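Below is one structure, written out as structure tokens; comments come after it.
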């Protein structure tokens, strides 16, 4: 087998492979002999058909099959011999494909970029330091109570924060418009659910009252036919309900799976959850800074095959998330290219860090991570057992741990400063990373 390789760009390779005719004929004859043992030809017993008849009937298909298999086999033999690392399937162009002659073909493909991760010292990381204070815990309890607010009917004028049950009919220039009417709909005043001016105009209204209000649709309203226009809504108030915050009692605690310990037990459980959220938020922000730093310090070219595969994965994820009758391939590729490029480049960089520093998943950290994730459930022992019985889930956890070890490796060399902040600031979502 003869092999020659030409670099047509930084990542693209054009490899010419020559396969001796003797190897081709050996493969063709092997297939014809296999066919002869099972072929059914009128006038001959199975296994007794003369080879001349077998060759006449089946040689063309046997040769086609042999050539296809040989291209696949010799391609991988050639890339191993040339120490190449293909990043996708090759485009194969036969040059000679005739009976009695050597097979020669050209395979064009991309290879993974070869590089060494560098620039660790140039990466600046601000590591947040925070704790859950009693005031943070009290605030969280208030949030949980508000999330479980109940509304009770009252006989008074509506106030901001009340829930109204209303019927309404909307018109523009005397004509009803699509989506402008509803019956027995629940509306919390001050929620911002309706267009500006609608909810404010109902403050002070009482059950049984009818009001005519004239809010204006915003200039940037999604329905361009309504944008910027003044509407007339006739609103009938069926009832007014005031918000009632639940008491911090056994019934309330039970909604969150806390059945013992009373208020102190509930506060302890909520604090644990807040501390877990805090650790995850700080870890996530540090990781994002490390990854951004690695990207900036290691600009590498992305194989088109890997980028295309990642774009397709993101398309599928988008369809699964948002539904509809659209097919993934109908979504424009450019919508996903920046995110796909970031993912592919980071994947290559992280893999290279693992290789450079010979990292392997720390099984103790794997165990600790599983236990931490399980602690959010009512029966953590069952969750831990489920993970250890599921190879795919275990491999995913090991991948997460390995990525954490990559971050730790970078932090040992990066410029890290610690900053004390409040709990609220620490858990506030970070800005989305910029794609290169």
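Every number here is computed from the coordinates shown, using simple stated rules; none is lab data. What you see is a predicted model; the values in this text were computed from it and never measured. Neighbour counts are summed over all protein chains in view; Cβ atoms, including those assigned to glycine, are modelled from backbone coordinates with ideal geometry.
Computed values, structure above
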read-out: Relative frequency of Cα-Cα separations exceeding 14 Å in the range 200-265, percent; value: 72 percent
read-out: Scattering profile of the range 47-150 at q = 0.11, 0.20 Å⁻¹ [log10 I(q)/I(0), Debye over alpha-carbon scatterers]; value: -0.65, -1.10
read-out: Rounded tilt (10° steps) of 337-356 against the dominant C-alpha axis of the chain; value: 70 degrees
read-out: For the range 102-202: span of alpha carbons on each principal axis (Å, largest first); value: 90, 54, 25
read-out: Unit Cα scatterers, Debye sum, the range 2-110: log10 I(q)/I(0) for q = 0.20 Å⁻¹; value: -0.96
read-out: With Cα atoms, 0 to 90° folded angle of helix 51-81 axis to the chain main axis; value: 60 degrees
read-out: Per-selection Rg to Rh, the chain - Cα, Kirkwood hydrodynamic radius; value: 1.15
read-out: Residue-span extension gain [residue 230 to residue 21] - 0.36 nm each, minus C-alpha spacing; value: 67.0 nm
read-out: Under 13 Å from the residue 203 label point (7 Å along Cα→beta-carbon), backbone N, the range 162-185; value: 162
read-out: Ellipsoid semi-axes in whole angstrom, largest first, where each is sqrt(5λ) of the Cα gyration tensor of the range 240-322; value: 45, 21, 12
read-out: Spatial separation of Cα centroids for the range 121-142 and the range 15-70, in angstrom; value: 72 Å
read-out: Theoretical gain in end-to-end length, residue 221 to residue 327 [0.36 nm per residue, Cα-Cα removed]; value: 35.3 nm
read-out: Cβ-derived FRET efficiency at R0 51 Å, residue 121 paired with residue 155, nearest 0.05; value: 0.10
read-out: Geometric extent, Cα atoms of the range 150-244 - Rg, Dmax (angstrom); value: 13.3, 40
read-out: Contact order relative to length of the chain, as percent, for alpha carbon pairs under 8 angstrom and 6 or more apart; value: 18 percent
read-out: Per-pair calculated FRET efficiency, R0 = 51 Å: residue 363 and residue 102 via Cβ, rounded to 0.05; value: 0.45
read-out: Theoretical gain in end-to-end length, residue 373 to residue 38 [0.36 nm per residue, Cα-Cα removed]; value: 114.8 nm
read-out: Whole-Å distance, taken between Cα centres, linking the range 176-246 and the range 310-368; value: 43 Å
read-out: Within the range 90-120, backbone nitrogen closer than 18 Å to the virtual label 7 Å beyond the Cα of residue 415 toward Cβ; value: 118-120
read-out: Rounded tilt (10° steps) of 380-389 against the dominant C-alpha axis of the chain; value: 10 degrees
read-out: At R0 = 41 Å, FRET efficiency that the Cβ-Cβ distance of residue 51 and residue 4 yields, to 0.05; value: 0.65
